[in-house]
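Asks: The structure is given below, and queries will be raised subsequently.
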Amino acid sequence: MTSELQMPAEVTGTATGMTFEESSVVLKNGSERVLQAGQGEPLVLLPGSDGLHLSRGHELLARMCHVIALDILGAGQRSTQEKAGIVLDVLDRQALEHVSLLSSALAAAEAVEISRQRPDTSERLSQEGYWQACQAFTASLERRTCSGCGHVHPEVDLSEIRWQEIAAQLRASAPANARE
């Protein structure tokens with residue numbers, strides 16, 4: 001079946017009123033709801049077993065990148081492999097090749113499975129993405145300023161965070177074909 005992206009409808013899902021565009025991506029076994037906001041590098045949010053819940057954190061992420069939140073129908077009743085396959089199908093239909101994945105603890109298995117099924121999904125390791133996002137957040141007063149109330153959030157102290165070191169260790173330990 002060909003991909004059909006239905007016309008978006010605006011969805012306000014966060015406490016501060018951040019607007020996400022809602023659409024449906026038609027897949028071979030039904031359609032899945034997709035919420036998007038922001039611009040820049042794509043960041044795919046994986047829902048937990050209880051589905052997708054938008055929060056203020058989504059607004060903050062959308063200030064730095066293109067947030068793509070997937071609401072997989074019946075997520076709690078599907079296997080890890082099935083959910084990973086759905087995510088990969090949505091990415092294919094949206095023509096997204098290189099994305100960063102963000103999951104709750106409940107969806108961590110799906111993130112691992114997606115990386116196992118298609119290791120080239122992401123251009124960088126999640127640790128590198130976290131480090132870069134924290135650096136960008138800390139460096140920008142605009143990003144640290146709440147659009148709802150004007151409160152300026154403090155800079156992120158990166159002095160104790162080892163994400164760069166961990167990413168280097170993971171790259172060094174990867175099989176040769178995964179590093180090409």
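The values are calculated or read from the model by the stated rules, or taken from the named source; none is laboratory data. Keep in mind that what you see is a predicted model, and the values were worked out from it rather than measured. Glycine also receives a Cβ, built like all others from the backbone with ideal geometry; neighbour counts cover every protein chain displayed.
Asks: Can you tell me which residues in the stretch 41-63 are closer than 17 Å to Arg144 by Cβ and in contact with a strand residue (DSSP E or B) (Cβ under 8 Å, 6 or more places away or on another chain)?
Replies: His58, Glu59, Leu61, Ala62
Asks: Test each condition in (1) closer than 30 Å to Thr138 by Cα; (2) of a type in the set (A, V, I, L, M, F, W, C); (3) at pLDDT 75 or above for Ala15 and report the one that comes out false.
Replies: Tallying (1) closer than 30 Å to Thr138 by Cα; (2) of a type in the set (A, V, I, L, M, F, W, C); (3) at pLDDT 75 or above, Ala15 fails exactly one: (3).
Asks: Another question, if that's okay. Do you know which of the residues in the stretch 18-35 that are closer than 22 Å to Met64 by Cβ and among the β-branched types (Val, Ile, Thr) is modelled with the lowest pLDDT?
Replies: The qualifying residue modelled with the lowest pLDDT is Thr19.
Asks: How do the pairs read when you match residues in the stretch 153-175 that are in the same structural domain as Gln132 (by TED's automatic domain parsing) with residues anywhere that are among the charged types (D, E, K, R) and at pLDDT below 75, using Cβ under 8 Å and keeping only pairs 6 or more apart or on different chains?
Replies: That search, which allows pairs on different chains as well, returns Ala167/Arg124; Arg171/Arg179.
Asks: Do the conditions hold for Leu158, that is, is it over 21 Å from Arg56 (Cβ atoms), outside any helix (DSSP H, G or I) and at pLDDT 80 or above?
Replies: So Leu158 passes the test.
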